[in-house]
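Below is one structure, written out as structure tokens; comments come after it.
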Amino acid sequence: MEPSEQMNLFKEFFETYKKELYKQVVKGETYIIVDFSKILSFNQELAQNIIETPEETIRLAEIAIEQLDVSDLTSKPIKNFRVRLTNIPKTQEILIQDIRSKHIGKLLFIEGIVKQKTDVRPQIVSARFECPKCGAVIPVIQTESTFREPGICHSCGHRGKFKLLGKELVDAQAMVIEEVPEKLEGGEQPKRINVLLKEDLVSPLSDKRTNPGSRIGITGYIKEVPIIGRGGKKSTRYDYILEANNIEISQEDFFMIEFSEEEIKEIKELSKKENVYEILVDAIAPSIFGHEKIKEALILQLFGGVEKLRNDGVRTRGDIHVLLVGDPGAGKSQMLKRISKVAPKSRYVSGKGASGAGLTASVVRDEFLGGFSLEAGALVLANRGIVLIDEMDKMSKEDTSAMHEAMEQQTISISKANIQATLPSKTTVLAAANPKFGRFDSYQNLFTQIDMPPALINRFDLIFIVRDLPDPESDKRMAKHILNLHKNPEVKSVIDDKLLRKYFAYAKQNVKPELTEEALEEIQNYYVKMRNQTGDSKTIPLSARQLEALVRLAEASAKTRLDNKVLKKDAERAINLLHYCLTQVATDETGKIDIDKITTGITSSTRNKIYMLKKVIEELEEEIGNKIPKKDIEERAKMKGIDPAELDELLTKLIRSGDIYEPSPGTYSRLI
């Protein structure tokens, strides 16, 4: 088809788009989004030309728009208008790893995750030169990465230097996108491709929507770029670059989702149901049997509390972190996978394959972007979303220590290779861990069973012990549930997943509940009562961290029914959940709740025994001398109420802390 014929067809086609063009001009925009299926139904040959030679054909469409008669709508002429295509055929969708030389110059759709991105900078697209001999003006289109000057004047044949008259600049930006994880088969390395964005695709709004971690779909065409070797010589090998025509956000965070009037009506109808909380709990993981308390926590986690920024600059997080610890095969990983499906923005990582740099951020040397650049990890990539960490106990202590700042301050600071940056990490964390010895032992301390530092565990608002204990009635119901799932794999949820996702997003965007006096009083009374119920000043059942967790949970409870007021029943629900977790993980040997069991790994009763044992050793040192036999320590400790079965563990703690040492087997001395 001749270019003139294509131009006429495009003019005819865009006559139907006049009103949309006018709206864009009024808004001050310089582009129009065109549904490819409409071009296909208008003229199949024209649509095929766009697929085969997109750069030239789309340019003809843009010239056709400029030549349209729009005097009946606006007095402003339409100039430099760009055509952005959407809804291109499925046949043109391709994985990055499948791109070959036959795809060069063809229109394609590629989905990926933004890994790196440059700043927006001006780029020359064309330049005009004047011949010093005859004065002819020579335009040169700049398509390569290096600036190109004319080699010869076509009017007089002059060779040599030409005078630069002017150049046309556009805003441009480069980014690197990576393969979408779920489209990879086991063991495959995710491939990457460089992407070039121009003009309206780098507007401030578009720039925010394509931050590292964003999942995007790009309609564009592949170009080849020469690889420059040493000495500035071109290599025989070429690299691919994807020049973007249009960008669509594939996975949005809670705050980027838009709602239609019908969806808002549906959401509000659901929120008015009296049993909306129970409906949401049933819908969160219908294929997983039992674990009602955990499902409640997951619902509240997805709603989250309200983030607060005070006048003095101190910020209180609204995200609720949850940790699941317990027996294998109890459904922890399944819950994590389920949450990744209903959360608008999520990233799933496994402890064995996650490093500190992979979770937070790293500085890498990059050939395409030049020099060193920041590469975001999972906690940054899921900003305003949720990170699901499975097998967290398998991570090394160096890697888990990188998470401390991200979980409480919700930022990640990095200072490497002369790059100092603080990246946002307003990310909710849901983690699962297994005990060291396979199954959870109720009689052992939580910290003797998990290879995780107490300071990190303390940052979780709720910690659940997931047990798999034999019980005839419960086992019968679970077996029936699992076997029914095998018989009928389709699980009917009480709420559609799409509506559930929209419900969470709508609540996060529009509902900012405030504490009522009744709710505040309920939380305050519980906090004061728990802090002072033991009568022992050395035992601390709750700390301010748990108080803040109660507020976040109560706010999330109010969000479940889209209420802007936190009522007494929300405070009670938060208290019940937190108390349930504390009785599971923070109960000491005497049956009292002691938060030190979580924060330090040592309960106050154990700390008291360590203090008594130190006194015993001091007394014996004065009586016997420096080398004290273990038998004497055992006898004196028994008189003080220390059980001989605990003595070895307490002595080991004192050796580790550097208070005592063992000069010879069976004897102990104090370090002075």
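Quick note: the coordinates plus some simple rules give every number you see, no bench work behind them. Remember, it's a predicted structure, so these values are computed and weren't measured experimentally. Heads up, the Cβs are rebuilt from the backbone with ideal geometry, glycines too, and the neighbour counts pull from every protein chain shown.
In segment 3-87, if the dipole is taken from +1 on Lys/Arg beta carbons and -1 on Asp/Glu beta carbons about the Cα centre, which of T86, N8, T30 is farthest to the positive end?
Value computed over the given set: T30.
Would you please classify the overall shape of segment 32-145 from the alpha carbon gyration tensor, given that a ≥ b ≥ c denote the square roots of the eigenvalues, rounded means a/c under 1.5, and beyond that prolate means a/b larger than b/c while oblate covers the rest?
Details: a/c = 1.84, a/b = 1.21, b/c = 1.52.
In terms of gyration-tensor shape, oblate.
Residue by residue through segment 53-62, which ³J(HN,Hα) values in whole Hz follow from phi under the Karplus form 6.51 cos²θ - 1.76 cosθ + 1.60 (θ = phi - 60°), with glycine and proline marked x?
Per-residue couplings from phi come out as 10, x, 4, 6, 5, 5, 5, 5, 5, 5 Hz.
Using the per-residue mean of other Cβ atoms lying within 10 Å as a proxy for protection, in what order, highest first, do the peptides 553-562, 189-198 fall? Could you put the intermediate results ahead of the total?
On the way: 553-562: 26.1, 189-198: 18.0.
With the highest mean Cβ count within 10 Å placed first, the list reads 553-562, 189-198.
Sort 104-112, 654-662 by packing, meaning the average of other beta carbons within 10 Å per residue, with the highest value first.
Values: 104-112: 19.7, 654-662: 13.4.
Taking the mean over residues of other Cβ atoms within 10 Å, the ranking is 104-112, 654-662.
Between L423 and residues 5 or more places away or on another chain, which pairs have amide H atoms under 5 Å apart, with H built 1.01 Å from N, and which residues are they?
I412, S413, I414
Mind checking the log10 I(q)/I(0) for segment 3-87 at q = 0.17, 0.23 Å⁻¹? Debye, one equal scatterer per Cα, no solvent, two decimals.
Relative scattering, expressed as log10 I(q)/I(0), comes to -0.64, -1.17.
Per residue and in Å³, how big is the convex hull formed by the alpha-carbon atoms of segment 604-670? Spell out each step's value before the answer.
On the way: hull volume 5.0 nm³, N = 67.
Spelled out: Cα convex hull of segment 604-670, divided by residues, is 75 Å³.
Let me spell out the model: positive unit charges on the Cβ of Lys and Arg, negative unit charges on the Cβ of Asp and Glu, origin at the Cα centre of segment 3-87. What dipole size does that give, in debye rounded to 20? Before the final figure, lay out each step's value.
On the way: 11 positive and 14 negative charges, 97 e Å.
About 460 debye.
Cross-link list K191/K332; K223/K345; K394/K498; K426/K512; K19/K102; K115/K167: which exceed 27 angstrom alpha carbon to alpha carbon?
On the way: K191/K332 30 Å; K223/K345 31 Å; K394/K498 34 Å; K426/K512 17 Å; K19/K102 38 Å; K115/K167 32 Å.
Violating the 27 Å Cα-Cα cut-off are K191/K332; K223/K345; K394/K498; K19/K102; K115/K167.
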